[in-house]
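Reading through the structure tokens given below for one structure.
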Amino acid sequence: MTTSRASVSPARALAVRAVTAVLSDGGRLSEALAQGSAERAGIDARDAGLARELAFGAVRRLGTIEGVLSRFAAYEPRRTPAALRAVLLTAGYQLLYLDRVPAFAAVHEAVSVARRLRGAPSSRMVNAVLRRVTDAVVQHGAKWDAAHPAAIRTGWDSATILREPLIHGAGREDDQRRRRRLAIQTGESLARLSLLIQRFGDERGVAAAWAGQGTPPTVLHRNSLRATREEFAARAADEHGVGAREAVVWAADPDGEAVLFVPPGVRVAESALLREGLAYVQDLTAADAARLLRAQPGEHVLDLCAAPGGKSVALALRGARVLACDASAPRLERLRENARRLGLDLPVCVTPAGGESAAIGAAREGGAAIIHAPLDVSVAEQCAGGGEFDAAIVDAPCSNSGVLARRPEARLRLCAAALRSLFELQVRLLGVAAACVRGGGRIVYSTCSIEEEENDRVVEAFVRLDPRWRCAERRLTLPTWGACASDWRDGGFAALLVDGHSR
């Protein structure tokens, strides 16, 4: 069979390239897609959207897809080059989770990509593996049954049924076989699933694992500088059909403020609410962490790991004067653009890496709601001892294990060695924050992780190192997936630390 280059869609080519980059280099999937889109200037919005769906679907369901490929075909992921894994994952996602494109077309295009990337022998291997998977699918769009031994969950209440059970063997399913089946269905390793069950119990642990398979909604919060509650509600209803009881769902946050849950499939990036600065994006778990700081109008607050800026924005809208620091200058530029769009583009100080002392001084001089400064931890430790801030928030770099649905590539680097390395940085960042906060001040330490190694143990280690501080409150939120968009919660942790001494 002769295959031309024209037979490969731009969407598949972009998705395969992005997934290959993640498998090879361990970078962020969203950044790989953005870079690929920028290099493919002619790609239209429809193809870019399909590429995103294929790439995120493939990486989010990687464990499930490769479990099925290994079950029904002679496939060994660890012995397969990254580019071919990406081809099989994106095509496998289509075959198992989508039914918009005929199976033969998805297989044909995947074979074409494999031939282009690795030559004829690789294309024959891809063809053989995908044909076996195609033959294994009995039904798309079935009702999800948690006890079905041959079901792949494709949505909250939908499934694809395979012709044979996911786990070999006949007879009654014992606990060991159930866990092995659940590991494939949830995309977790057996060891990881067992750890979740050990730490959180069977029901909560399995539910947390399932949340990594869901497609999260986008949560929009009202910008109080640009719209009253009534104006925000009216504009949201006009744009998303809230008043007509369409897919967008309202839910109230702990302050009684209405927030908007926009389900997957709605093109939020094109929303007038965002474009005109009437709303900003932040999951409720992240919003709770910022709220825990209890920032007051006029207080000087340090946001130590700020980008992309949701917590800085939330604190500034409460009247706090926020200095936003981060190690990534490009992500800080995105924060700056978001702040300007929301009407927070008052005088801004952007300093080069290592310029924290100048930025901290500028924060005290007044005039800026949010000041942006790239953060170099080693330099900050030397210059941040002035105790200039009333409070600080440390949204520390972490494993992202509570937000695997949003950052599915994080599952690939979740290991004990990574947690040990992050632990050292997290404790160190708390020390930097403590040096910046005045006597009697407050720090909120937060992560989007559900690992005790990054949460309770970090807080306990810091308090042992600096006994002036005590933990007044801590909250762990497990990731939650539900039938409605408003049921969704990202996983995360937040602890409020208070300094009982004055300086």
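The values are calculated or read from the model by the stated rules, or taken from the named source; none is laboratory data. Here the structure is a predicted model, which is why all the values come from computation and not from measurement. Glycine gets a Cβ as well: all are built from the backbone with ideal geometry, and neighbour counts include every protein chain shown.
Can you tell me which of Val427, Val403 is touching a helix residue (DSSP H, G or I) at 6+ places or on another chain (Cβ under 8 Å), surrounded by 23 or more Cβ atoms within 10 Å (Cβ to Cβ) and either touching a residue at least 40 places away in the same chain (Cβ under 8 Å) or of a type outside the set (S, T, N, Q) (or both)?
Val403
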* Structure fact -> Only one of (1) modelled with pLDDT of 80 or more; (2) closer than 26 Å to Asn223 by Cβ; (3) outside any helix (DSSP H, G or I); (4) hydrophobic (A, V, I, L, M, F, W, C) does not apply to Val313, and that is (3)
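Any idea which of Gly119, Gly49 is surrounded by fewer than 17 Cβ atoms within 10 Å (Cβ to Cβ), farther than 19 Å from Arg411 by Cα and in contact with a Lys or Arg (Cβ under 8 Å, 6 or more places away or on another chain)? Outline the logic, then answer.
Working: Gly119 fails: in contact with a Lys or Arg (Cβ under 8 Å, 6 or more places away or on another chain).
It is Gly49.
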* **Positions within the range 466-482 being surrounded by 14 or more Cβ atoms within 10 Å (Cβ to Cβ) and either under 22 Å from the mean Cα position of the chain (by Cα) or within 23 Å of Gly212 (Cβ to Cβ) (or both), in sequence order** => Arg474, Arg475, Leu476, Thr477, Leu478, Pro479, Thr480, Trp481
* **Out of Ala83, Ala74, sole residue that is assigned to a loop (DSSP other than H, G, I, E, B) and assigned by TED's automatic domain parsing to the domain that holds Ala15** => Ala74
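Hey, can you tell me all the residues within the range 186-233 that are free of Cβ contacts under 8 Å to residues at least 60 places away in the same chain and of a type outside the set (A, V, I, L, M, F, W, C)?
Pass one, the range 186-233, residues free of Cβ contacts under 8 Å to residues at least 60 places away in the same chain: 190-191, 193-198, 201-203, 205-206, 209, 222, 227-233.
Passing the criteria: Ser194, Gln198, Gly201, Asp202, Glu203, Gly205, Arg222, Thr228, Arg229, Glu230, Glu231.
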* To do: Return the only residue of Thr80, Thr64 being surrounded by 20 or more Cβ atoms within 10 Å (Cβ to Cβ), modelled with pLDDT of 90 or more and under 20 Å from Leu404 (Cβ atoms).
  => Thr64
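Test Leu88 against the criterion of being surrounded by fewer than 22 Cβ atoms within 10 Å (Cβ to Cβ), at pLDDT 90 or above, under 17 Å from Ala136 (Cα atoms) and within 28 Å of the chain's Cα centre (by Cα), and give yes or no. So that I can check it myself, show each step before the final result.
Numbers: surrounded by fewer than 22 Cβ atoms within 10 Å (Cβ to Cβ): no; at pLDDT 90 or above: yes; under 17 Å from Ala136 (Cα atoms): yes; within 28 Å of the chain's Cα centre (by Cα): yes.
No; evaluated as a whole, the condition is false for this residue.
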* To do: Determine if the range 259-268 includes at least one residue that is farther than 30 Å from Thr64 by Cα and surrounded by 14 or more Cβ atoms within 10 Å (Cβ to Cβ).
  => yes
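Those residues that are of a type in the set (Gly, Ala, Ser) and either free of Cβ contacts under 8 Å to residues at least 12 places away in the same chain or assigned to a helix (DSSP H, G or I) (or both), I need them from the range 437-489; list them, please. Lay out the reasoning, then the answer.
Going residue by residue through the range 437-489, those that are of a type in the set (Gly, Ala, Ser) are 439-441, 446, 449, 461, 472, 482-483, 485-486.
Answer for the range 437-489, where residues must be of a type in the set (Gly, Ala, Ser) and either free of Cβ contacts under 8 Å to residues at least 12 places away in the same chain or assigned to a helix (DSSP H, G or I) (or both): Ala461, Ala485, Ser486.
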* Structure fact -> The number of residues in the range 264-298 that are in contact with a helix residue (DSSP H, G or I) (Cβ under 9 Å, 6 or more places away or on another chain), at pLDDT 90 or above and outside any helix (DSSP H, G or I) is 10
* Asked: In this structure, is Glu66 part of a helix (DSSP H, G or I), closer than 30 Å to Glu270 by Cα and among the charged types (D, E, K, R)?
  -> no
* Structure fact -> Just one listed residue, out of Val107, Val126, Val101, Val113, is under 25 Å from Leu29 (Cα atoms), under 29 Å from the mean Cα position of the chain (by Cα) and part of a helix (DSSP H, G or I), and it is Val113
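Of the residues Leu162, Leu193, only one is buried (at least 18 other Cβ atoms within 10 Å of the Cβ) and outside the structural domain of Val137 (by TED's automatic domain parsing); which?
Details: Leu162 fails: outside the structural domain of Val137 (by TED's automatic domain parsing).
Only one candidate qualifies: Leu193.
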